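Shown next, in structure tokens, is the structure this report addresses.
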Amino acid sequence: MENNENINVNMAASESADNKKCPSCGATLKYDPATGALSCEFCGRSIDIRQQIQPPGVAYSLEDLASHAGAHYLQKAKIANCATCGGRFILNAQDIANNCPYCGSNSLNETDDRTGMLEPTGVLPFKISKDEAVKLFENWISKQRFSPADLLTKAKATDFTGVYVPYWVFDANTYTEYSGKFGYIYGSGDDEYIKWYNKSGVYKLNVKGETIIASQRLAADPLWNGVSGFNMNFMKKYDPDLLAGFVAERYSIDGPAAWLTAKDRIRGNIKMGIKNQERADRVGDIKFEPGYSNVRAKYCLAPVWVRSFKYNDQVFQVLINGQTGDVSGRTPKSLRFLLRILMIIGIVMGSFLALRVLMMIIRAFISFLQSR
Ligand SMILES: [Zn+2]
Ligand SMILES: [Zn+2]
């Protein structure tokens, strides 16, 4: 599946998107996590871009999110949907859609549907290189119990694809007036009792970095939990050069929808905060309606290595967090191992049964002797 290599992403309409060719040999340059440079796989030419990478810039307001401001994002990119797994990706305008990084099928179809695409505000650059990802994978697979002996060979037939996964990161100021019942525990042991007080007050919370995954697919994938821990403090300003050589998944949960989810979480934190502020042991009915101001959203791309491989016509997938190296995946279980385990269970259960029958015979024999 060499073709995976050719899915490159230049998403912005900036100058640099046009210059992603190697000045020495004309091949397509890729961002190399190991060196922080754009490098050429063919002639080894390397262009250091660390100087040009900026700290994260201005975030979107809620109004921007609703009106899709900044939609110039897609002018020089192509959108492709996977007909097999539903994955939605953004590709380099020069590239032909190849294999889907999520399911490995070659059913990526280009589409013109570019509604609601904002330019990313931030990127978490890949820290784990592809070579490191391969090592992490081999180490992980060697610890998988009951996996077939030829699994590694089959998996190695496919390549790792670097995918940028979309995230929303919210900051906001909140101001909440509250009133309600707060319980305090007095005494101890058998004499313990709770006294309830009606109290009211104001609680202020400044929310920083409330993170919501913007991919419906990954949000529903149990595998994702194992690799979803990103440190957003390392976020850089969006720069198309950081994306050279990678695929970006487009967001399927838009900003306004993500903000609703974020508000739910923030509401829970505010309730906890009010309880702590009142130093209460219990909270009863409390009335509070947070007010939000200065809401800012960053649309951030987070790095993941994906390997999808077929075993007995079934697709299996392994994900590696491109920042931390956490690994999460499903592997096929070997039939031979399963049969062996069933046999052991069978033998154990069989011997229990045999023992019980033997006991019954002995008991029957004893009572027969006693009855005489
Ligand atoms: Zn070159
Ligand atoms: Zn797919």
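Fewest-first ordering of 345, 141, 47 by other beta carbons within 10 Å of each residue's beta carbon gives 345, 47, 141. Debye-formula intensities of the chain, expressed as log10 I(q)/I(0) at q = 0.06, 0.09, 0.12 Å⁻¹, are -0.36, -0.66, -0.94 (one equal scatterer per alpha-carbon, no solvent).
Within the chain, what's the longest stretch lacking GluC sites (Glu not before Pro) that sit in DSSP loops with no more than 15 other Cβ atoms inside 10 Å?
Details: sites that count: 41, 192.
The answer is 193-372.
Sorted ascending by nearby beta carbons within 10 Å, beginning with the fewest, 127, 204 become 204, 127. Relative contact order, whole percent, for the chain stands at 25, derived from Cα pairs under 8 Å and 6 or more residues apart.
Only Lys, Arg, Asp and Glu carry charge here, each on its Cβ (+1 for the first two, -1 for the last two); on that basis the stretch 2-333 has a dipole of about 520 debye about its Cα centre. Where in the chain are the helices, taken as whole DSSP H runs, whose Cα atoms extend 15 angstrom or more along the long axis and whose Kyte-Doolittle mean reaches at least 0.5? Helices passing the filter in the chain: 335-370.
Among 339, 108, which comes first, second and so on when ranked by fewest other beta-carbon atoms within 10 Å?
So the residues, fewest neighbours to most, are 339, 108.
Only the coordinates and a few stated rules stand behind these numbers; no lab work does. Keep in mind that this is a model prediction, so the values were computed, not measured. Positions of Cβ are backbone-derived with ideal geometry, glycine not excepted, and every protein chain shown enters the neighbour counts.
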